[in-house]
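Notes follow the structure.
The values are calculated or read from the model by the stated rules, or taken from the named source; none is laboratory data. All figures in this text were calculated on a predicted structure; none of them were measured in a lab. Cβ: placed from backbone, ideal geometry, glycine included. Neighbour counts: every protein chain shown. For accessibility, only protein heavy atoms count, side chains too; no ligands or nucleic acids. Shrake-Rupley method; radii C 1.70, N 1.55, O 1.52, S 1.80 Å.
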There are 2 protein chains.
Amino acid sequence: MYLCVMKQYSLSEENYLKTIFHLEQIADGNVSTNDIAEKMETKASSVSDMIRKLGEKNLVDYIKYQGVTLTDRGRKTALRVIRKHRLWEVFLVEKLDFQWDEVHEIAEELEHIESEELISRLDAYLGHPEFDPHGDPIPDANLRIAKIEKRLLSELRIHQRGICVGVHESDNDFLQYLDKRQIGIGTKVFVEDIETFDGSMTILVDDNRYFISKKIAENIYVQIT
Amino acid sequence: MYLCVMKQYSLSEENYLKTIFHLEQIADGNVSTNDIAEKMETKASSVSDMIRKLGEKNLVDYIKYQGVTLTDRGRKTALRVIRKHRLWEVFLVEKLDFQWDEVHEIAEELEHIESEELISRLDAYLGHPEFDPHGDPIPDANLRIAKIEKRLLSELRIHQRGICVGVHESDNDFLQYLDKRQIGIGTKVFVEDIETFDGSMTILVDDNRYFISKKIAENIYVQIT
DNA sequence: TTTGAAGTTTAGGTTACTCTAAAAAAATAT
DNA sequence: ATATTTTTTTAGAGTAACCTAAACTTCAAA
(Lines give C-alpha, C1' and ligand atoms only; values in the text may rest on other atoms or scores of the structure.)
Protein backbone atom coordinates (compact mmCIF):
# COMPACT_ATOMS: atom_id res chain seq x y z
CA MET A 1 0.00 0.00 0.00
CA TYR A 2 1.31 3.31 -1.10
CA LEU A 3 0.54 6.63 0.53
CA CYS A 4 2.12 9.21 -1.67
CA VAL A 5 2.02 12.65 -0.08
CA MET A 6 3.57 15.00 -2.57
CA LYS A 7 3.54 18.75 -2.90
CA GLN A 8 -0.02 19.41 -3.74
CA TYR A 9 -0.33 23.07 -4.41
CA SER A 10 2.03 25.96 -4.85
CA LEU A 11 2.50 28.68 -2.29
CA SER A 12 0.67 31.04 -4.58
CA GLU A 13 -2.26 28.70 -5.09
CA GLU A 14 -2.60 28.18 -1.36
CA ASN A 15 -2.66 31.92 -0.79
CA TYR A 16 -5.38 32.41 -3.38
CA LEU A 17 -7.53 29.67 -1.85
CA LYS A 18 -7.11 31.14 1.61
CA THR A 19 -8.10 34.59 0.39
CA ILE A 20 -11.12 33.28 -1.48
CA PHE A 21 -12.19 31.41 1.64
CA HIS A 22 -12.01 34.55 3.75
CA LEU A 23 -13.90 36.60 1.16
CA GLU A 24 -16.60 33.93 0.91
CA GLN A 25 -17.23 34.33 4.64
CA ILE A 26 -18.03 38.00 4.18
CA ALA A 27 -19.68 38.31 0.76
CA ASP A 28 -22.16 35.46 0.70
CA GLY A 29 -22.26 34.95 -3.07
CA ASN A 30 -19.47 34.50 -5.60
CA VAL A 31 -16.18 36.21 -4.93
CA SER A 32 -15.17 38.78 -7.53
CA THR A 33 -11.83 39.04 -9.27
CA ASN A 34 -11.39 42.59 -8.09
CA ASP A 35 -12.00 41.75 -4.44
CA ILE A 36 -9.37 39.05 -4.59
CA ALA A 37 -6.94 41.40 -6.32
CA GLU A 38 -7.46 44.08 -3.70
CA LYS A 39 -7.04 41.72 -0.76
CA MET A 40 -3.94 40.14 -2.24
CA GLU A 41 -2.45 43.44 -3.37
CA THR A 42 -2.08 42.27 -6.91
CA LYS A 43 -3.65 43.03 -10.29
CA ALA A 44 -6.99 41.75 -11.51
CA SER A 45 -5.34 40.25 -14.56
CA SER A 46 -3.09 38.11 -12.38
CA VAL A 47 -6.13 36.95 -10.46
CA SER A 48 -7.94 36.06 -13.66
CA ASP A 49 -5.02 33.91 -14.71
CA MET A 50 -4.88 32.13 -11.40
CA ILE A 51 -8.56 31.41 -10.97
CA ARG A 52 -8.66 29.88 -14.42
CA LYS A 53 -5.88 27.59 -13.25
CA LEU A 54 -7.62 26.83 -9.96
CA GLY A 55 -10.75 26.09 -11.95
CA GLU A 56 -8.92 23.57 -14.12
CA LYS A 57 -7.67 21.87 -10.96
CA ASN A 58 -11.20 21.68 -9.58
CA LEU A 59 -10.43 23.88 -6.61
CA VAL A 60 -12.94 26.56 -7.56
CA ASP A 61 -16.07 26.78 -9.63
CA TYR A 62 -15.52 29.52 -12.09
CA ILE A 63 -17.69 31.03 -14.79
CA LYS A 64 -16.12 33.88 -16.70
CA TYR A 65 -17.20 37.31 -15.51
CA GLN A 66 -19.20 35.68 -12.69
CA GLY A 67 -16.56 35.30 -9.99
CA VAL A 68 -15.64 32.13 -8.12
CA THR A 69 -16.75 29.84 -5.33
CA LEU A 70 -14.60 27.22 -3.67
CA THR A 71 -15.30 23.60 -4.44
CA ASP A 72 -15.24 21.11 -1.61
CA ARG A 73 -11.66 20.31 -2.48
CA GLY A 74 -10.74 23.97 -2.59
CA ARG A 75 -12.40 24.68 0.75
CA LYS A 76 -10.62 21.76 2.39
CA THR A 77 -7.30 22.94 1.06
CA ALA A 78 -7.98 26.45 2.35
CA LEU A 79 -8.97 25.11 5.76
CA ARG A 80 -5.82 23.04 5.97
CA VAL A 81 -3.74 26.17 5.42
CA ILE A 82 -5.81 28.16 7.92
CA ARG A 83 -5.42 25.37 10.47
CA LYS A 84 -1.68 25.48 10.08
CA HIS A 85 -1.57 29.26 10.27
CA ARG A 86 -3.55 29.41 13.49
CA LEU A 87 -1.73 26.56 15.17
CA TRP A 88 1.59 28.23 14.45
CA GLU A 89 0.24 31.47 15.87
CA VAL A 90 -0.62 29.68 19.09
CA PHE A 91 2.86 28.21 19.17
CA LEU A 92 4.50 31.58 18.67
CA VAL A 93 2.49 33.24 21.42
CA GLU A 94 2.30 30.42 23.95
CA LYS A 95 5.74 28.90 23.58
CA LEU A 96 7.93 31.64 22.17
CA ASP A 97 6.30 34.52 24.04
CA PHE A 98 5.52 36.63 21.02
CA GLN A 99 2.87 39.33 21.36
CA TRP A 100 -0.37 38.73 19.47
CA ASP A 101 0.42 41.56 17.07
CA GLU A 102 3.79 40.06 16.07
CA VAL A 103 2.77 36.63 14.86
CA HIS A 104 0.76 37.10 11.70
CA GLU A 105 3.61 37.66 9.24
CA ILE A 106 5.64 34.75 10.56
CA ALA A 107 2.63 32.44 10.49
CA GLU A 108 2.04 33.49 6.87
CA GLU A 109 5.28 31.72 6.07
CA LEU A 110 4.95 28.78 8.43
CA GLU A 111 1.48 27.93 7.12
CA HIS A 112 3.02 26.63 3.90
CA ILE A 113 5.23 24.00 5.49
CA GLU A 114 3.96 20.71 4.15
CA SER A 115 4.18 17.86 6.62
CA GLU A 116 0.85 16.61 7.96
CA GLU A 117 2.72 14.76 10.68
CA LEU A 118 4.31 17.99 11.81
CA ILE A 119 0.96 19.69 12.20
CA SER A 120 -0.62 16.80 14.00
CA ARG A 121 2.26 16.72 16.47
CA LEU A 122 2.26 20.47 16.88
CA ASP A 123 -1.46 20.35 17.55
CA ALA A 124 -0.95 17.73 20.26
CA TYR A 125 2.01 19.62 21.72
CA LEU A 126 -0.14 22.71 22.08
CA GLY A 127 -2.95 20.70 23.67
CA HIS A 128 -5.35 20.83 20.71
CA PRO A 129 -6.18 24.52 21.08
CA GLU A 130 -9.58 25.63 19.78
CA PHE A 131 -8.78 29.27 19.21
CA ASP A 132 -5.78 31.24 18.02
CA PRO A 133 -4.39 34.26 19.88
CA HIS A 134 -6.82 36.57 18.08
CA GLY A 135 -9.82 34.48 19.07
CA ASP A 136 -10.29 32.86 15.68
CA PRO A 137 -11.34 29.21 15.76
CA ILE A 138 -8.81 26.59 14.65
CA PRO A 139 -10.11 23.87 12.30
CA ASP A 140 -9.57 20.45 13.84
CA ALA A 141 -7.81 17.51 12.18
CA ASN A 142 -11.01 16.80 10.23
CA LEU A 143 -11.11 20.45 9.23
CA ARG A 144 -14.23 21.12 11.26
CA ILE A 145 -14.27 24.64 12.58
CA ALA A 146 -16.10 25.93 15.66
CA LYS A 147 -18.76 28.58 15.26
CA ILE A 148 -19.20 30.81 18.25
CA GLU A 149 -21.95 33.21 19.20
CA LYS A 150 -20.21 36.45 18.65
CA ARG A 151 -21.18 39.94 17.66
CA LEU A 152 -19.44 43.24 17.19
CA LEU A 153 -18.99 45.38 20.25
CA SER A 154 -20.62 48.15 18.21
CA GLU A 155 -23.86 46.12 18.17
CA LEU A 156 -24.20 46.14 21.95
CA ARG A 157 -26.72 48.46 23.55
CA ILE A 158 -26.18 50.75 26.45
CA HIS A 159 -25.49 49.03 29.79
CA GLN A 160 -24.89 45.62 28.20
CA ARG A 161 -21.93 43.49 29.24
CA GLY A 162 -19.76 41.25 27.11
CA ILE A 163 -16.56 39.24 26.94
CA CYS A 164 -14.10 40.01 24.22
CA VAL A 165 -13.74 36.89 22.02
CA GLY A 166 -11.89 38.15 18.97
CA VAL A 167 -11.02 40.93 16.59
CA HIS A 168 -12.33 41.54 13.11
CA GLU A 169 -9.25 42.82 11.30
CA SER A 170 -6.05 41.94 13.10
CA ASP A 171 -4.13 44.98 11.97
CA ASN A 172 -0.97 45.39 14.04
CA ASP A 173 -1.63 49.01 15.01
CA PHE A 174 -5.08 48.07 16.16
CA LEU A 175 -3.81 45.14 18.24
CA GLN A 176 -1.28 47.41 19.88
CA TYR A 177 -4.05 49.91 20.60
CA LEU A 178 -5.87 47.15 22.46
CA ASP A 179 -2.73 46.01 24.26
CA LYS A 180 -2.10 49.50 25.55
CA ARG A 181 -5.56 49.45 27.13
CA GLN A 182 -5.13 45.90 28.39
CA ILE A 183 -7.98 44.65 26.26
CA GLY A 184 -7.52 41.09 25.02
CA ILE A 185 -9.36 37.82 24.49
CA GLY A 186 -11.41 37.15 27.64
CA THR A 187 -11.52 40.76 28.78
CA LYS A 188 -14.87 41.82 30.23
CA VAL A 189 -16.36 45.06 28.95
CA PHE A 190 -19.35 47.11 30.06
CA VAL A 191 -20.97 49.64 27.75
CA GLU A 192 -21.48 52.70 29.89
CA ASP A 193 -22.65 55.09 27.22
CA ILE A 194 -23.17 55.33 23.46
CA GLU A 195 -23.02 58.62 21.56
CA THR A 196 -25.97 58.49 19.15
CA PHE A 197 -24.38 61.11 16.91
CA ASP A 198 -21.32 59.08 15.83
CA GLY A 199 -21.77 55.72 17.50
CA SER A 200 -18.72 56.18 19.72
CA MET A 201 -18.81 54.48 23.10
CA THR A 202 -17.69 54.88 26.65
CA ILE A 203 -16.76 51.47 28.02
CA LEU A 204 -15.55 50.15 31.33
CA VAL A 205 -12.70 47.64 31.34
CA ASP A 206 -11.65 46.50 34.79
CA ASP A 207 -11.49 49.84 36.61
CA ASN A 208 -10.67 51.92 33.58
CA ARG A 209 -13.04 54.06 31.54
CA TYR A 210 -12.21 54.25 27.82
CA PHE A 211 -13.73 56.34 25.09
CA ILE A 212 -13.66 54.45 21.80
CA SER A 213 -14.74 55.39 18.26
CA LYS A 214 -17.35 53.45 16.35
CA LYS A 215 -14.62 52.16 14.06
CA ILE A 216 -12.84 50.57 16.99
CA ALA A 217 -16.08 49.10 18.32
CA GLU A 218 -16.73 47.58 14.89
CA ASN A 219 -13.46 45.72 15.07
CA ILE A 220 -13.97 43.89 18.36
CA TYR A 221 -16.05 40.75 18.72
CA VAL A 222 -17.81 40.07 22.01
CA GLN A 223 -20.02 37.42 23.51
CA ILE A 224 -22.90 38.97 25.44
CA THR A 225 -23.01 37.99 29.11
CA MET B 1 16.92 54.88 12.44
CA TYR B 2 15.68 52.34 9.99
CA LEU B 3 16.42 48.64 10.17
CA CYS B 4 15.01 47.25 6.99
CA VAL B 5 14.99 43.46 7.05
CA MET B 6 13.71 42.39 3.69
CA LYS B 7 13.82 39.11 1.84
CA GLN B 8 17.47 38.80 1.11
CA TYR B 9 17.90 35.73 -0.95
CA SER B 10 15.62 33.31 -2.73
CA LEU B 11 14.99 29.78 -1.57
CA SER B 12 17.04 28.53 -4.46
CA GLU B 13 19.98 30.82 -3.71
CA GLU B 14 19.97 29.77 -0.08
CA ASN B 15 20.06 26.13 -1.08
CA TYR B 16 22.99 26.68 -3.41
CA LEU B 17 24.95 28.52 -0.71
CA LYS B 18 24.27 25.79 1.79
CA THR B 19 25.43 23.11 -0.63
CA ILE B 20 28.58 25.02 -1.54
CA PHE B 21 29.33 25.44 2.16
CA HIS B 22 29.04 21.71 2.77
CA LEU B 23 31.18 20.87 -0.24
CA GLU B 24 33.85 23.35 0.84
CA GLN B 25 34.16 21.45 4.11
CA ILE B 26 35.07 18.27 2.28
CA ALA B 27 37.01 19.36 -0.80
CA ASP B 28 39.43 21.92 0.53
CA GLY B 29 39.85 23.91 -2.68
CA ASN B 30 37.30 25.38 -5.05
CA VAL B 31 33.99 23.64 -5.43
CA SER B 32 33.24 22.36 -8.92
CA THR B 33 30.09 22.87 -10.91
CA ASN B 34 29.60 19.16 -11.33
CA ASP B 35 29.87 18.44 -7.61
CA ILE B 36 27.21 21.02 -6.87
CA ALA B 37 24.99 19.62 -9.61
CA GLU B 38 25.32 16.12 -8.26
CA LYS B 39 24.61 17.07 -4.67
CA MET B 40 21.62 19.19 -5.63
CA GLU B 41 20.30 16.67 -8.12
CA THR B 42 20.19 19.17 -10.91
CA LYS B 43 22.06 19.81 -14.14
CA ALA B 44 25.48 21.41 -14.45
CA SER B 45 24.04 24.06 -16.75
CA SER B 46 21.59 25.19 -14.08
CA VAL B 47 24.45 25.39 -11.62
CA SER B 48 26.54 27.45 -14.02
CA ASP B 49 23.70 29.94 -14.35
CA MET B 50 23.20 30.20 -10.64
CA ILE B 51 26.83 30.61 -9.62
CA ARG B 52 27.20 33.40 -12.14
CA LYS B 53 24.30 35.09 -10.40
CA LEU B 54 25.70 34.41 -6.94
CA GLY B 55 28.98 35.84 -8.17
CA GLU B 56 27.30 39.06 -9.28
CA LYS B 57 25.75 39.35 -5.83
CA ASN B 58 29.14 38.89 -4.19
CA LEU B 59 28.17 35.70 -2.44
CA VAL B 60 30.80 33.58 -4.18
CA ASP B 61 34.12 34.17 -5.89
CA TYR B 62 33.84 32.65 -9.28
CA ILE B 63 36.23 32.36 -12.17
CA LYS B 64 34.92 30.53 -15.19
CA TYR B 65 35.97 26.90 -15.40
CA GLN B 66 37.66 27.24 -11.99
CA GLY B 67 34.80 26.50 -9.61
CA VAL B 68 33.64 28.66 -6.71
CA THR B 69 34.47 29.60 -3.14
CA LEU B 70 32.12 31.38 -0.77
CA THR B 71 32.83 34.99 0.05
CA ASP B 72 32.48 36.11 3.64
CA ARG B 73 28.98 37.26 2.86
CA GLY B 74 28.14 33.98 1.20
CA ARG B 75 29.51 31.96 4.08
CA LYS B 76 27.52 33.98 6.62
CA THR B 77 24.36 33.49 4.64
CA ALA B 78 24.99 29.75 4.44
CA LEU B 79 25.66 29.58 8.17
CA ARG B 80 22.46 31.45 8.94
CA VAL B 81 20.50 28.83 7.00
CA ILE B 82 22.38 25.97 8.64
CA ARG B 83 21.75 27.48 12.06
CA LYS B 84 18.04 27.60 11.35
CA HIS B 85 18.00 24.06 9.98
CA ARG B 86 19.72 22.59 13.00
CA LEU B 87 17.70 24.53 15.55
CA TRP B 88 14.48 23.36 13.94
CA GLU B 89 15.78 19.79 14.02
CA VAL B 90 16.34 20.10 17.75
CA PHE B 91 12.83 21.47 18.15
CA LEU B 92 11.31 18.62 16.17
CA VAL B 93 13.12 15.95 18.16
CA GLU B 94 13.06 17.49 21.64
CA LYS B 95 9.64 19.08 21.65
CA LEU B 96 7.60 17.20 19.08
CA ASP B 97 9.15 13.77 19.72
CA PHE B 98 10.20 13.06 16.17
CA GLN B 99 12.89 10.42 15.59
CA TRP B 100 16.24 11.68 14.36
CA ASP B 101 15.69 10.11 10.96
CA GLU B 102 12.39 11.93 10.42
CA VAL B 103 13.42 15.54 10.79
CA HIS B 104 15.69 16.37 7.89
CA GLU B 105 13.06 16.89 5.20
CA ILE B 106 10.87 19.05 7.41
CA ALA B 107 13.84 21.14 8.53
CA GLU B 108 14.74 21.64 4.87
CA GLU B 109 11.54 23.63 4.59
CA LEU B 110 11.63 25.35 7.96
CA GLU B 111 15.18 26.61 7.41
CA HIS B 112 13.89 29.14 4.89
CA ILE B 113 11.50 30.93 7.23
CA GLU B 114 12.82 34.46 7.45
CA SER B 115 12.36 36.06 10.84
CA GLU B 116 15.56 36.58 12.84
CA GLU B 117 13.44 37.21 15.92
CA LEU B 118 11.81 33.82 15.50
CA ILE B 119 15.15 32.05 15.43
CA SER B 120 16.53 33.93 18.37
CA ARG B 121 13.46 33.05 20.44
CA LEU B 122 13.47 29.45 19.27
CA ASP B 123 17.14 29.24 20.23
CA ALA B 124 16.37 30.54 23.72
CA TYR B 125 13.34 28.25 24.04
CA LEU B 126 15.50 25.24 23.28
CA GLY B 127 18.14 26.39 25.77
CA HIS B 128 20.77 27.45 23.20
CA PRO B 129 21.65 23.92 22.12
CA GLU B 130 25.13 23.38 20.73
CA PHE B 131 24.46 20.29 18.66
CA ASP B 132 21.60 19.04 16.55
CA PRO B 133 20.12 15.53 16.89
CA HIS B 134 22.72 14.12 14.49
CA GLY B 135 25.60 15.58 16.49
CA ASP B 136 26.30 18.46 14.11
CA PRO B 137 27.27 21.73 15.77
CA ILE B 138 24.78 24.61 15.63
CA PRO B 139 26.23 28.01 14.71
CA ASP B 140 25.50 30.53 17.49
CA ALA B 141 23.84 33.92 17.02
CA ASN B 142 27.17 35.32 15.79
CA LEU B 143 27.43 32.39 13.40
CA ARG B 144 30.37 30.90 15.23
CA ILE B 145 30.38 27.15 15.00
CA ALA B 146 31.98 24.70 17.40
CA LYS B 147 34.73 22.43 16.13
CA ILE B 148 34.99 19.15 17.92
CA GLU B 149 37.72 16.55 17.93
CA LYS B 150 36.07 13.87 15.95
CA ARG B 151 37.20 11.15 13.63
CA LEU B 152 35.55 8.36 11.70
CA LEU B 153 34.97 5.12 13.53
CA SER B 154 36.80 3.46 10.62
CA GLU B 155 39.98 5.32 11.66
CA LEU B 156 40.08 3.72 15.10
CA ARG B 157 42.57 0.95 15.75
CA ILE B 158 41.89 -2.34 17.37
CA HIS B 159 40.95 -2.18 21.06
CA GLN B 160 40.39 1.58 21.03
CA ARG B 161 37.31 3.09 22.67
CA GLY B 162 35.21 6.02 21.53
CA ILE B 163 31.98 7.91 22.03
CA CYS B 164 29.69 8.37 19.08
CA VAL B 165 29.38 12.11 18.36
CA GLY B 166 27.77 12.25 14.97
CA VAL B 167 27.12 10.73 11.59
CA HIS B 168 28.66 11.62 8.27
CA GLU B 169 25.74 11.25 5.88
CA SER B 170 22.43 11.30 7.65
CA ASP B 171 20.65 9.02 5.24
CA ASN B 172 17.38 7.80 6.72
CA ASP B 173 18.03 4.12 6.15
CA PHE B 174 21.40 4.46 7.82
CA LEU B 175 19.91 6.26 10.83
CA GLN B 176 17.34 3.52 11.20
CA TYR B 177 20.11 0.94 11.00
CA LEU B 178 21.75 2.66 13.98
CA ASP B 179 18.47 2.96 15.85
CA LYS B 180 17.86 -0.75 15.51
CA ARG B 181 21.21 -1.38 17.21
CA GLN B 182 20.61 1.32 19.81
CA ILE B 183 23.55 3.32 18.58
CA GLY B 184 23.09 7.09 18.93
CA ILE B 185 24.89 10.27 19.94
CA GLY B 186 26.73 9.54 23.20
CA THR B 187 26.85 5.79 22.72
CA LYS B 188 30.16 4.20 23.81
CA VAL B 189 31.80 1.80 21.39
CA PHE B 190 34.77 -0.53 21.71
CA VAL B 191 36.61 -1.87 18.68
CA GLU B 192 37.06 -5.55 19.37
CA ASP B 193 38.43 -6.59 16.03
CA ILE B 194 39.20 -5.25 12.56
CA GLU B 195 39.27 -7.44 9.46
CA THR B 196 42.35 -6.31 7.53
CA PHE B 197 40.97 -7.74 4.30
CA ASP B 198 37.91 -5.46 3.94
CA GLY B 199 38.18 -3.08 6.88
CA SER B 200 35.02 -4.44 8.51
CA MET B 201 34.85 -4.32 12.29
CA THR B 202 33.53 -6.18 15.28
CA ILE B 203 32.44 -3.65 17.89
CA LEU B 204 30.99 -3.82 21.36
CA VAL B 205 28.08 -1.54 22.23
CA ASP B 206 26.80 -1.95 25.78
CA ASP B 207 26.65 -5.73 26.01
CA ASN B 208 26.04 -6.36 22.35
CA ARG B 209 28.56 -7.43 19.74
CA TYR B 210 27.98 -6.07 16.25
CA PHE B 211 29.72 -6.83 13.00
CA ILE B 212 29.79 -3.73 10.79
CA SER B 213 31.10 -3.12 7.27
CA LYS B 214 33.76 -0.55 6.53
CA LYS B 215 31.12 1.57 4.81
CA ILE B 216 29.15 1.81 8.02
CA ALA B 217 32.28 2.58 10.05
CA GLU B 218 33.08 5.39 7.62
CA ASN B 219 29.76 6.99 8.36
CA ILE B 220 30.03 7.29 12.14
CA TYR B 221 32.01 9.96 13.91
CA VAL B 222 33.54 9.21 17.31
CA GLN B 223 35.59 10.98 19.91
CA ILE B 224 38.39 8.77 21.20
CA THR B 225 38.26 8.12 24.95
C1' DT C 1 -32.23 51.50 -24.65
C1' DT C 2 -28.31 53.38 -25.39
C1' DT C 3 -24.00 54.66 -23.42
C1' DG C 4 -20.47 55.26 -20.32
C1' DA C 5 -18.21 53.44 -16.32
C1' DA C 6 -16.74 49.63 -13.84
C1' DG C 7 -15.21 45.12 -13.78
C1' DT C 8 -13.00 41.22 -16.17
C1' DT C 9 -10.40 38.81 -19.46
C1' DT C 10 -6.95 38.28 -23.05
C1' DA C 11 -2.64 39.29 -25.35
C1' DG C 12 1.95 39.94 -24.93
C1' DG C 13 5.97 40.78 -22.13
C1' DT C 14 9.29 40.11 -17.81
C1' DT C 15 11.77 37.50 -14.29
C1' DA C 16 13.51 33.49 -11.84
C1' DC C 17 14.53 29.05 -12.35
C1' DT C 18 14.85 25.05 -14.77
C1' DC C 19 16.02 21.99 -18.82
C1' DT C 20 18.40 19.90 -23.37
C1' DA C 21 21.70 20.28 -26.81
C1' DA C 22 25.69 22.21 -28.62
C1' DA C 23 30.02 24.65 -28.15
C1' DA C 24 34.15 25.59 -25.66
C1' DA C 25 37.79 24.77 -22.26
C1' DA C 26 40.44 21.75 -19.36
C1' DA C 27 42.21 17.41 -18.16
C1' DT C 28 43.91 13.00 -19.45
C1' DA C 29 45.74 9.40 -22.33
C1' DT C 30 48.27 7.90 -26.15
C1' DA D 1 52.20 17.05 -28.79
C1' DT D 2 48.01 15.62 -30.25
C1' DA D 3 43.69 13.21 -29.61
C1' DT D 4 40.09 11.93 -26.72
C1' DT D 5 37.33 12.41 -22.81
C1' DT D 6 35.46 15.05 -19.23
C1' DT D 7 33.90 19.26 -17.45
C1' DT D 8 31.93 23.58 -17.97
C1' DT D 9 29.61 27.15 -20.28
C1' DT D 10 26.40 29.13 -23.58
C1' DA D 11 22.31 29.17 -26.42
C1' DG D 12 17.66 28.50 -26.74
C1' DA D 13 13.44 27.09 -24.84
C1' DG D 14 9.71 25.92 -21.12
C1' DT D 15 6.97 27.01 -16.84
C1' DA D 16 4.95 29.68 -13.07
C1' DA D 17 3.98 33.83 -11.55
C1' DC D 18 3.59 38.39 -12.22
C1' DC D 19 2.89 42.87 -14.95
C1' DT D 20 0.73 46.62 -18.53
C1' DA D 21 -2.27 47.67 -22.10
C1' DA D 22 -6.01 46.65 -24.84
C1' DA D 23 -10.31 44.36 -25.62
C1' DC D 24 -14.33 42.67 -24.05
C1' DT D 25 -18.67 42.05 -20.66
C1' DT D 26 -21.75 43.64 -17.44
C1' DC D 27 -24.30 46.95 -15.04
C1' DA D 28 -26.53 51.13 -14.16
C1' DA D 29 -27.65 55.85 -15.11
C1' DA D 30 -29.51 59.03 -18.36
Note to self: The conditions are (1) modelled with pLDDT of 95 or more; (2) in a loop (DSSP other than H, G, I, E, B); (3) out of contact with any helix residue (DSSP H, G or I) (no Cβ under 9 Å at 6 or more places or on another chain), and B:Gly29 fails exactly one of them. Which is it?
What the structure shows: (1)
Check: B:Met201 fails exactly one of the following numbered conditions: (1) within 21 Å of B:Lys18 (Cα to Cα); (2) in contact with a helix residue (DSSP H, G or I) (Cβ under 6 Å, 6 or more places away or on another chain). What is the number of that condition?
Finding: (1)
Next item on the list: Enumerate the pairs (first residue in region A:53-70 and without any contact (Cβ under 8 Å) to a residue 12 or more places away in the chain; second residue anywhere and more than 11 Å from DNA strand D (Cβ to nearest atom) and in a loop (DSSP other than H, G, I, E, B)) with beta-carbon separation below 7 Å, excluding pairs fewer than 6 apart on the same chain, so at least 6 apart or on different chains.
Entry: A:Asp61/A:Thr71
Notebook entry, point to check: Within the group A:Ile138, A:Ile163, A:Ile148, which residue is of a type outside the set (Asp, Glu), under 26 Å from B:Leu110 (Cα atoms) and more than 10 Å from chain B (Cβ to nearest Cβ)?
Noted result: A:Ile138
Item checked: Which listed residue, of A:Leu11, A:Leu54, is within 15 Å of DNA strand D (Cβ to nearest atom), farther than 28 Å from B:Lys95 by Cβ and of a type outside the set (Asp, Glu) -> A:Leu54
Notebook entry, point to check: Among the listed residues B:Ile224, B:Ile148, B:Ile158, B:Ile203, which satisfies the condition of being touching a Pro at 6+ places or on another chain (Cβ under 9 Å) and not small (Gly, Ala, Ser)?
Noted result: B:Ile148
Notebook entry, point to check: Residues in region B:38-51 that are more than 7 Å from DNA strand D (Cβ to nearest atom) and either in contact with a Gly (Cβ under 7 Å, 6 or more places away or on another chain) or among the hydrophobic types (A, V, I, L, M, F, W, C) (or both): how many?
Noted result: 2
Notebook entry, point to check: How many of the residues in region A:36-61 are within 7 Å of DNA strand C (Cβ to nearest atom) and either open to solvent by 70 Å² or more (accessible area, probe 1.4 Å) or outside any helix (DSSP H, G or I) (or both)?
Noted result: 3
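Conditions (1) more than 14 Å from chain A (Cβ to nearest Cβ); (2) of a type in the set (Ser, Thr, Tyr), marked per residue:
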site	(1), (2)
B:Asn15	yes, no
B:Ile26	yes, no
B:Ala44	yes, no
B:Glu56	yes, no
B:Tyr62	yes, yes
B:Thr71	yes, yes
B:Arg86	yes, no
B:Phe98	no, no
Check: Do you know which residues across region B:124-142 are touching a strand residue (DSSP E or B) at 6+ places or on another chain (Cβ under 7 Å), assigned to a loop (DSSP other than H, G, I, E, B) and open to solvent by 60 Å² or more (accessible area, probe 1.4 Å)?
Finding: B:Glu130
Note to self: For region B:86-102, give me each residue that is assigned to a helix (DSSP H, G or I), within 15 Å of the chain's Cα centre (by Cα) and touching a residue at least 40 places away in the same chain (Cβ under 8 Å).
What the structure shows: B:Arg86, B:Leu87, B:Glu89, B:Val90
Notebook entry, point to check: Quick check, is A:Lys76 open to solvent by 70 Å² or more (accessible area, probe 1.4 Å) and within 16 Å of DNA strand C (Cβ to nearest atom)?
Noted result: no
Notebook entry, point to check: Going by the conditions given, is A:Thr71 within 11 Å of DNA strand D (Cβ to nearest atom), among the β-branched types (Val, Ile, Thr) and modelled with pLDDT of 95 or more?
Noted result: no
Check: In region A:19-35, which residue that is open to solvent by 90 Å² or more (accessible area, probe 1.4 Å) and within 24 Å of A:His85 (Cα to Cα) is nearest to DNA strand D (Cβ to nearest atom)?
Finding: A:Asp28
Check: Can you tell me which residues in region A:103-117 are within 10 Å of chain B (Cβ to nearest Cβ) and in contact (Cβ under 8 Å) with a residue 40 or more places away in the chain?
Finding: A:His112, A:Glu114
